[in-house]
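Bear in mind these aren't lab numbers, they're just calculated from the coordinates by the rules spelled out. Here the structure is a predicted model, which is why all the values come from computation and not from measurement. Cβ placement follows ideal geometry from the backbone for every residue including glycine, while neighbour counts extend to all protein chains displayed.
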Amino acid sequence: MQEFNLKLVDSIDNNVEEFVRGLLIGVAASGKTIPYSELGWLLGIDVRAGDYPRKILSTILGAVGSYEHDQGRPVITAVVVFKESDDEWGREVVGKGFYALLENLQKHPDPDPIVAHAVELGACHTHWKGKLQ
């Protein structure tokens, strides 16, 4: 019985990751970003409810970002940002998990994390632009 449950969980995980991946590709193709809170809402995850829901979303984003990197594409999770949290220069800010993912993937385009995000976000927008028409 436990083997069945594990297979069911793996199937759900893969479906969620594919859904998120497709959604983020659409966001990147449009040259936009999506707030963590909006993505969480689409998945039924209230990221404002504490650490556990944020950890769930972070795990999903880590898997999707790693997959895209393994396929030789930019880390698509760069399009997920904090809502209305631009820094003093108007740059969008991402969570610590994004920077940890870049480090785990040994992908360091710039030592400044905000610049590293901007580089990866630009690569996502460039890579996916016009590919979904």
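What the table shows:
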{"quantity": "Radius, Kirkwood style, for the stretch 13-128 when every pair of distinct Cα atoms is counted (Å)", "calculated": "14.1 Å"}
{"quantity": "Contour excess over end-to-end distance, with Cα ends at ILE56 and ASP70 and 0.36 nm allotted per residue", "calculated": "2.9 nm"}
{"quantity": "Formal net charge of residues neighbouring HIS69 (Cβ-Cβ distance under 11 Å; K, R +1; D, E -1)", "calculated": "-1"}
{"quantity": "Virtual spin-label span in nm between LYS131 and LEU105, 7 Å along Cα→Cβ", "calculated": "1.2 nm"}
